[in-house]
Structure formats: C-alpha cells, structure tokens
Amino acid sequence: MKSIGACFALVMMGGLLTAGQQQPEQTPPGVHQAMQVPPPAQGTPPVFQPNPARRRVDPARMKQEAEELAKLAQQVPSEVDGANAGRLPKDLSEQLKKIEKLSKNLRHELSP
C-alpha cells in the first residue's frame, strides 16, 4: 500500500513540474515582417497616405438617402402599433430592411 502511495505521489509531483513549464510563445504571422521595416527617422511625423480606392461623397445622393430614411423611419411606429393590434403590414419587413440598408450606406459615406 505504501508503494502505491509513493508511486502516486511521484506521478503527481512529475505532473506538477511539467505543468509549471511554459510553452514558448509563438510569434503571430506578420510580426517578423513588421520588425524588418526600418523605423521612421527621429523627429519626423508619421506619413498619412490616403486610400485612393475611397469613393467621392455625393452630397445630393446623401441628402436624398437621408430624406428617404427619415420618411421610412416616421412610418414605422404607426405600423408597429398596427402589428400589435393584429394587423401586420406586408411591407414592414421590407421597410425595415430598406432603413437598415440606407443607414449603413450613410454611415459608410460619413465615416472617415
């Protein structure tokens, strides 16, 4: 019985010792490439390079989309009240999808 207890204690101690050892940290991909890029010269500000693929903002189209979004959003509360009363409008789901699409487009156009 004592030998079983001693074997068990040795196995547990070995497990604790190996559990305490840490695995070497793996470097994420791209870090080595970033480390090879030379740092900017001392005192020079970072260079901003605008994204050439960014579309130009069309103010007239944005205004039209904003007005359409406002019009659709004003209709939603009355249609939701109708849905609560048991009258679900057929186009409510489509209106909500259109609102989501318009707001996403406007957010994309206005974000830097």
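Report whether or not PRO39 is at pLDDT below 90 and not aromatic (Phe, Trp, Tyr). Against the criterion (at pLDDT below 90 and not aromatic (Phe, Trp, Tyr)), PRO39 qualifies.
Answer yes or no: is there a residue in the stretch 1-11 that is at pLDDT below 70 and assigned to a loop (DSSP other than H, G, I, E, B). There is at least one residue in the stretch 1-11 that is at pLDDT below 70 and assigned to a loop (DSSP other than H, G, I, E, B). Of all residues in the stretch 100-112, those satisfying the criterion of being of a type in the set (D, E, K, R) and either farther than 17 Å from ASP58 by Cβ or at pLDDT 90 or above (or both) are GLU100, LYS101, LYS104, ARG107. How many residues does the stretch 78-99 contain that are surrounded by 12 or more Cβ atoms within 10 Å (Cβ to Cβ) and closer than 30 Å to ARG56 by Cβ? Final tally of qualifying residues: 4. Considering every residue within the stretch 59-77, establish whether at least one is surrounded by 10 or more Cβ atoms within 10 Å (Cβ to Cβ) and either modelled with pLDDT under 75 or part of a loop (DSSP other than H, G, I, E, B) (or both). There is no residue in the stretch 59-77 that is surrounded by 10 or more Cβ atoms within 10 Å (Cβ to Cβ) and either modelled with pLDDT under 75 or part of a loop (DSSP other than H, G, I, E, B) (or both).
Taking the criterion of being free of Cβ contacts under 8 Å to residues at least 12 places away in the same chain and part of a helix (DSSP H, G or I), the residues of the stretch 81-109 that qualify are ASP81, GLY82, ALA83, ASN84, SER93, GLU94, LYS97, GLU100, LYS101, LYS104, ARG107, HIS108.
The values are calculated or read from the model by the stated rules, or taken from the named source; none is laboratory data. Since the model is a prediction, treat every value here as computed from it, not as a measurement. Because the Cβ atoms are built from the backbone with ideal geometry, glycine has one as well, and the counts that use them run over all protein chains shown.
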